[in-house]
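In what follows, a single structure is set out as structure tokens and then discussed.
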Amino acid sequence: MNKQQLATKIWESANKMRSKIEANEYKDYILGFIFYKYLSDKEIKFLKENDFTDTDIKALSEDDADTVKFIQDNVGYFIAYKDLFSTWLKMGKDFDVSNVRDALSAFSRLINSSHKKVFERIFDTLQTGLSKLGESSGSQTKSISELIQLIKDIPMDGKQDYDVLGFIYEYLISMFAANAGKKAGEFYTPHEVSLLMSEIVADHLKEKNEIKIYDPTSGSGSLLINIGRSVAKHIDDENNIKYYAQELKQNTYNLTRMNLVMRGLLPDNIVTRNGDTLEEDWPFFDESDPISTYNPLYVDAVVSNPPYSQPWDSANKETDPRYSRFGLAPKTKADYAFLLHDLYHIKPDAIMTIVLPHGVLFRGGEEGEIRKNLIEGNHIDAIIGLPANIFFGTGIPTIVMVLRQKRKNTDVLIVDASKGFVKVGKNNKLRASDIKKIADTVIARQNIDKYSKVVIRENIRENEYNLNIPRYVDSSENAETWDIYASMFGGIPETEIDELHAFWQAFPELRKDLFTDISSNYSKVAVEDVKKAIREHHNIKEFIQLFNKSFGDFHSYLKKELLSEMEAINTSKEEAVLSENIFKRLEPIPLIDKYAAYQLLDDDWTKISIDLEIIQTEGFGATKTVDPNMVLKKKDGKEQEVQDGWVGRVLPFELVQETLLKDKLVKLKEKENRLLEISSEYGEIIDSLSEEEKESSVINDANDAFVTKEVEKKAKEIVAEFKASKQTLPKYTGTEDSFETKIVYVSNLIEEDKNLKREIKKEAAELHLLTKKTIENLTDEQVLELLEDKWIKPFVFNINNLPDSIIGYLATKIQALSEKYATTYSEVESQISKTEVQLASLIGELEGDEFDMQGLNELKALLAGECNGGK
């Protein structure tokens, strides 16, 4: 089971187990237990690395002062054997909620003094919440037992920088956020927004060797960790990154610390505080006496997603150095207060990114004055408009603002990225290609039509410092227009053909071969089959040849890159390597969107990287491993996990069957297809029966299926009657046959159906076991061929289809233009007139009483353009 499957399984079970407990609360319990498991496993791992035997570990006790100190000095805490997570599992029915209470209490008592700030009160939320897991000690014990059984299989020793533990923790936080409604904003920034901010910050910091990053509203810590992960791609020693985090709410603050610790960071690199960012400035160089030694710390990057437009106490803060240069945010909306706090804490060459509601761009009053001061002070570097409904719990439009303390340029890059997303459930979600395009645009400060614009400060002044995105970037689609002349007389306006200018630039001779001039301003399509004419045109053929030349060796490049040294690939950096190669190949090729190609890469890379992580963690032998396929099934009214066959750890059974066991698979598929044909034949024969025949006992009450026993009984009677009369029963030829012939045929179909199902079940089971055996006995060469089939061939196929999508789009646009003005208004008017004459003629042939005729005459008058008003 890979990390995605394990995470999904844990979430689905946890979501059921929480019953009536709010998702926002239950997350604290399950994530708390996962963290405790991590600490237990980490201690055991440390002890085994230091030659502690199982007997030594079982002897771990708080009474052994020397051992306690040894462990505290090295891991920062001590957990006795009786309190280890693994011991809880071994206790079975003897396990009790009191074991958890005692363990958490002991943990708080046995933290090393040097680690107090990292671990102190970290389990408070879990401890106080145990009582909510049940009304009695017994029900609490049952709930906790189920929970620890659920998370017991999470491995805690992943070798990858984004190991299984981190992935599952992040996945659970995101899923709880999706189910927490408005409370989600308190602890979670969507992963995609985190990645976007991370890429922008990481590029700015890529030349630095030592980095300090800070999140003053850290929530679960996911945003800060994603920033750290992206920055780590550009730095040799990840231990040179120091993390500062502040969070107001105690339970969320605990999540921040847990997340940072499980990231494997050094304790000295984790500096956290549970406090109010706006009320008391932080961090300081010396926190022992912040009042007398106020010396604020400046960092290399600040990232934040503060609560939107919340009230704050602005009283007596005019002289606060964070706000004094720019002004105080209104007491009803603290958005700019958070922004100014962040800006205050970055170094002169540093960067900050902050998520804010769209309103901060144009609201007046105090906010307008602060905005003016920020612009005149040359601090706002970029504004990115995000899609609406991208955050859990709120549908309001949001932006990411990028600011710097010192800048050479005085312009502001404005990006309208609100149109790039995919709908997932109730929310919108940035795709990998959307994130990549935004980050590339910001880093390169590009002007892109209907997407981004570098706006000079004078232009902003002219707009009275209003930064509302539509003032500078119009991302709306062009409204469809109708040419009056073409509507009346036909032809395609040259102006509408000109709108496809990018294609005419790429294919210089295609336009004149597709269109014929009617006049100086209007043309018509000159070919009968538009799609065929485009595909056979020499410009298009040259376009395809150019693409094939550029990507001719792409398959072999991927084989070398992914298969030759798969155990040495850095999975966190490899996607960037591959995308750079693809972008370089696309440079000479017009029209193809490199971000569409990037999306194809990311779609496949998500699956490839999981496989690589398994292979790098467990060794190449994992490719020849099969695991029990565990599923939930109801038994005695309860859902239980049972085995349902086997599943390949890396190689899917379907792939192995389609390549190495194709003959057996084809035979099985033929029988399955025959079953479908039989089902279809049943339906056709039922439809052909008369209403009287359907009343017979061979058809069920719903008239949609045969009754097997009745059909078999009736068929025997029919066969016996024909034998008795020495007649030959007609062979079934189709639905026009007699009722008797159909019933005997259906009886034969039923028998064939039974036999096929029996054979399919037997052969499918045999093929399943043969596939298991085949995977376990694969040669290394066969594994590499199968990985090529799984990783490389589908991706290359999709990349090679990119030119076809461009050609197809052009053909569709031209066909639509041709059809748009194909029927003129005068032709429509003429057809209406003819129809009216025909209808009037038909009315004249109708007969009726006095009132009918009066009505018909009025209708004829209307058709003729007259109206008598019934007179």
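The values are calculated or read from the model by the stated rules, or taken from the named source; none is laboratory data. Bear in mind the structure is a predicted one, so any value in this text is a computation, not a measurement. In this analysis, Cβ positions are derived from the backbone assuming ideal geometry, glycine residues included, and neighbour counts consider all displayed protein chains. The area values use the complete protein model at the heavy-atom level, side chains included, leaving out ligands, DNA and RNA. Shrake-Rupley method; radii C 1.70, N 1.55, O 1.52, S 1.80 Å.
Restricting to DSSP loop positions (anything but H, G, I, E, B) with no more than 13 other Cβ atoms inside 10 Å of their own Cβ, which trypsin sites (Lys or Arg not before Pro) remain in the range 627-659?
Taking the range 627-659 and a limit of 13 other Cβ atoms within 10 Å, no loop trypsin sites (Lys or Arg not before Pro) are found.
Evaluate 2.2 N^0.38 Å with N set to the residue count of the range 291-396, then give the Cα radius of gyration divided by it. Display every interim value, and only then the final one.
On the way: Rg = 14.2 Å, N = 106, 2.2 N^0.38 = 12.9 Å.
So the Cα radius of gyration is 1.09 times the expected 2.2 N^0.38 Å.
What does the charge add up to near residue 677, with Lys and Arg as +1, Asp and Glu as -1, over the other residues with Cβ less than 13 Å from its Cβ?
Working: positive: 669, 671, 674; negative: 670, 672, 681, 684, 752, 753.
That sum, taken over residues with Cβ under 13 Å, equals -3.
Computed from the mean reciprocal separation of all distinct C-alpha pairs, what Kirkwood hydrodynamic radius does the range 497-590 have, in Å?
Details: mean 1/r = 0.0606 Å⁻¹.
Evaluated over the range 497-590, this radius sits at 16.5 Å.
Please identify every one of the GluC sites (Glu not before Pro) in the range 697-798 that sits in a loop by DSSP and has no more than 12 other beta carbons within 10 Å of its own beta carbon.
Here the sparse-neighbourhood loop sites are 736.
What do you get for trypsin sites (Lys or Arg not before Pro) in the range 436-500 restricted to DSSP loop and a cutoff of at most 15 other Cβ within 10 Å of the site's Cβ? Walk me through the numbers on the way to the answer.
Working: sites: 436, 437, 445, 450, 453, 457, 461, 471; in loops: 445, 450.
Of the trypsin sites (Lys or Arg not before Pro), the ones in loops of the range 436-500 whose Cβ has at most 15 other Cβ atoms within 10 Å are 445, 450.
Between the range 582-606 and the range 642-690, what is the separation of their alpha carbon centroids in Å?
Cα centroid of the range 582-606 versus Cα centroid of the range 642-690: 36 Å apart.
Return the sequence-ordered ³J(HN,Hα) values of the range 693-702 in whole Hz as given by the Karplus equation 6.51 cos²θ - 1.76 cosθ + 1.60 applied to θ = phi - 60°, using x for Gly and Pro.
For the range 693-702, the Karplus curve yields 5, 5, 7, 6, 6, 6, 10, 6, 4, 7 Hz.
Mind scanning 233/436; 716/754; 635/773; 429/559; 450/813; 426/790 and naming the pairs with a C-alpha gap bigger than 24 Å? Write out the running numbers ahead of the final one.
Working: 233/436 16 Å; 716/754 18 Å; 635/773 30 Å; 429/559 32 Å; 450/813 20 Å; 426/790 32 Å.
Pairs exceeding 24 Å: 635/773; 429/559; 426/790.
Dimensions of the range 57-184 along principal axes (Cα, Å, largest first)?
Here the spans come out as 48, 40, 26 Å, largest first.
On alpha-carbon atoms, Rg over Rh for the range 611-691 using Kirkwood Rh? Write out the running numbers ahead of the final one.
Details: Rg = 20.5 Å, Rh = 16.7 Å.
Ratio of gyration radius to Kirkwood radius: 1.22.
Work from the charge dipole of the chain (Cβ charges, +1 for Lys and Arg, -1 for Asp and Glu, about the Cα centre) and give the residue of 676, 595, 364 farthest towards its positive end.
Farthest towards the positive end: 364.
Order 498, 102, 51 by their accessible area, 1.4 angstrom probe, all chains in place, largest first. Write out the running numbers ahead of the final one.
Working: 498 70, 102 90, 51 130 Å².
Ranked from most to least accessible, the order is 51, 102, 498.
Given the whole protein assembly as supplied and a 1.4 Å probe, what does the accessible area of residue 312 come to in Å², nearest 10?
Counting only protein heavy atoms, residue 312 exposes about 20 Å² to solvent.
Translational diffusion coefficient of the chain at 25 °C, 0.890 mPa s, Stokes-Einstein with Kirkwood Rh over Cα pairs, in µm²/s as a whole number.
Working: Rh = 33.7 Å.
It diffuses with D of about 73 µm²/s by this estimate.
Quote the Stokes-Einstein diffusion coefficient, in whole µm² s⁻¹, for the range 1-96, based on the Kirkwood radius over alpha carbon pairs, a temperature of 37 °C and a viscosity of 0.692 mPa s.
Numbers: Rh = 15.4 Å.
Diffusion coefficient, whole number: 213 µm²/s.
Holding the Cα-Cα limit at 31 Å, pick out from 3/347; 694/723; 437/793; 419/573; 37/208; 152/669 the pairs that are longer than that.
Values: 3/347 39 Å; 694/723 25 Å; 437/793 26 Å; 419/573 28 Å; 37/208 35 Å; 152/669 39 Å.
From 3/347; 694/723; 437/793; 419/573; 37/208; 152/669, over 31 Å: 3/347; 37/208; 152/669.
Express the carbon and sulfur contribution to the solvent-accessible surface of the range 773-871 as a percent, rounded to the nearest whole number, probe 1.4 angstrom. If you can, show how the numbers build up before the last one.
Working: 3370 of 6260 Å².
Accessible surface attributable to carbon and sulfur in the range 773-871 totals 54 percent.
Within the accessible area of the range 463-505, what % is carbon and sulfur when the probe is 1.4 Å and the other protein chains stay in place?
Numbers: 1380 of 2720 Å².
Exposed carbon and sulfur together represent 51 percent of the surface.
What does the convex hull of the alpha-carbon atoms of the range 423-530 project to on average, in nm²? Write out the running numbers ahead of the final one.
On the way: hull surface 49.5 nm².
Over every viewing direction, the Cα hull of the range 423-530 projects on average to 12.4 nm².
What's the magnitude of the charge dipole for the chain around its Cα centre, counting Lys and Arg as +1 and Asp and Glu as -1 at the beta-carbon? Answer in Debye, nearest 20. Show your work: numbers first, answer last.
Numbers: 112 positive and 148 negative charges, 384 e Å.
Dipole size: approximately 1840 debye.
I want the local charge near residue 791. Using Cβ-Cβ distances under 10 Å, sum +1 for each Lys or Arg and -1 for each Asp or Glu among the other residues.
Details: positive: 559, 607, 790, 793; negative: 604, 611, 788, 789.
Charge balance near residue 791 sits at 0.
Debye sum, Cα scatterers, the range 534-632, no solvent: what log₁₀ I/I(0) at q = 0.22 1/Å?
So the normalised log intensities work out to -1.18.
Report relative contact order for the chain in percent, whole number only (criteria: Cα-Cα under 8 Å, sequence separation at least 6).
Values: 1123 pairs, mean separation 70.2, N = 871.
Relative CO of the chain lands at 8 percent.
Report the Cα centroid-to-centroid distance between the range 706-757 and the range 392-416 in angstrom, as an integer.
76
Before I look further, what does the chain give for accessible area per residue, probe 1.4 Å, in whole square angstrom? Could the numbers behind the result be given before it?
Numbers: 43720 Å² over 871 residues.
Accessible surface, normalised per residue, equals 50 Å².
Starting from the residue with the highest accessible area, list 593, 789 in decreasing order, probe 1.4 Å. Provide the component values of the computation, followed by the final result.
Numbers: 593 75, 789 35 Å².
Listed by decreasing accessible area, they come as 593, 789.
Using only the alpha-carbon atoms, what does the range 580-729 span along each of its principal axes? Please give whole angstrom values in decreasing order.
82, 52, 35
First select every other residue whose beta carbon is under 14 angstrom from the beta carbon of residue 754; then total the charges, Lys and Arg +1, Asp and Glu -1. Before the final figure, lay out each step's value.
Numbers: positive: 671, 674, 709, 757, 758, 761, 762; negative: 712, 751, 752, 753, 759.
Neighbour charge sum, excluding residue 754 itself: +2.
Quick one: dipole size for the range 1-146, taken about the Cα centre, charges +1 on Lys/Arg Cβ and -1 on Asp/Glu Cβ, in debye to the nearest 20.
On the way: 22 positive and 23 negative charges, 131 e Å.
I would put it at about 620 debye.
Put 537, 501 in order of accessible area, largest first, 1.4 Å probe: what do you get?
On the way: 537 15, 501 120 Å².
Result, largest first: 501, 537.
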